[in-house]
Structure formats: structure tokens, C-alpha cells
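Down below is the structure, laid out as C-alpha cells.
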Amino acid sequence: MQSSPYQPGQPVPLEPTRMPGALIFVLVIVTAHAVGTVFGGWAIIEENQSKQEHGQELLMPMGMAWFVALFCWALAALMVVCVVLARKRRTWVRVVLIVCLSFVAFGTVLGFLGSLASGAPSLAVFVIAGIDVAALWMVCGETGRHYFSVRSPAPTSLQG
């Protein structure tokens, strides 16, 4: 009789599931947006301080600039946490990624529409907006739903 390494009544360890390449690409996009968001928050503060030193009109009141910068930095931190914890396959990580990607995709689509309205359409912003929408679709779709589900197979008891 062959001995099993698993004891009866103990859960059988799940085989690690490989993350689909499309989701790895999404996580790279989210990481890039996190870096850009950190830089954006810093740029708002820096530009406001520069204008203040030169006696020019501020982009926005300094308190509002700090609020926007802190919001950007918190959003970036949340995106990085989701990227780091994506291997854990938790449903809440998928939900947070959907919310963050929705903010980012909405912002880039608005940026492209703004460039169209100004008469100088930006191809780069259009491409980034398309990538953001595709990333959001990937996380919202079946690939994201399947990977981030924490459902495990029914427990089986090995009897020897």
C-alpha cells in the first residue's frame, strides 16, 4: 500500500496557478501609472511653489494643491499594494484594481478629449487611453474574474 504525504482531514494544498500574461501586462501598466501619479502629485506642488516664489498666480490654492498631491500619492500607494498582492488572488485586489484603472482610464480619455477640443489631438494620449481601457476590460472580464477568484476545489480526503 502506498503512503500518502497528506493526512486525512487536512486540506490538500492547491497547485499554484500561473498568472496569465495579459494580467502581468495589466500590472505593469498599473505600476507605470503609479509612478506617473507620484510624479504628478509632486509636479503640482512644485509648480505651485515656483509660481508663488515668482509672484505669479497659483495653479490652485496651496491647500488644494496639497490635497490633490496627497490624493495622488495615496492612489499610487494603493496601486502598488495591489500589484504586490496580486499573486494572493484576493477578490478585493481585483475590485481595487478596477476602481484605480477606472480613475486612470477616465483621466486619460478626458485628456485625449481635451487635446481634441484644443485643436491639437495627442496620439500618445490616445494610445495610453486605449491601453488603459483594454487593461480595465481585462481586469473586469473573465480573465480577471477567473484569476482573482479564491474558490478552491472541493476538499477531498485521501484515505490510505
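Counting only protein heavy atoms and a 1.4 Å probe, tell me what percentage of region 16-64's accessible area is made up of carbon and sulfur.
Using a 1.4 Å probe with all protein chains present, region 16-64 comes out at 64 percent carbon and sulfur.
So, R0 is 25 Å and r is the distance between the beta-carbons of residue 113 and residue 32; what FRET efficiency does that work out to, to 0.05?
Approximately 0.70, to the nearest 0.05.
Can you give the log10 of the normalised intensity I(q)/I(0) at q = 0.18, 0.22 Å⁻¹, computed with Debye over equal Cα scatterers of region 21-160?
Summing over Cα pairs of region 21-160 leads to -1.05, -1.27.
The values are calculated or read from the model by the stated rules, or taken from the named source; none is laboratory data. Quick caveat, the model's predicted, so the values are computed rather than measured. In this analysis, Cβ positions are derived from the backbone assuming ideal geometry, glycine residues included, and neighbour counts consider all displayed protein chains. These accessible areas exclude ligands, DNA and RNA; they are computed on the full protein's heavy atoms, side chains included. Shrake-Rupley method; radii C 1.70, N 1.55, O 1.52, S 1.80 Å.
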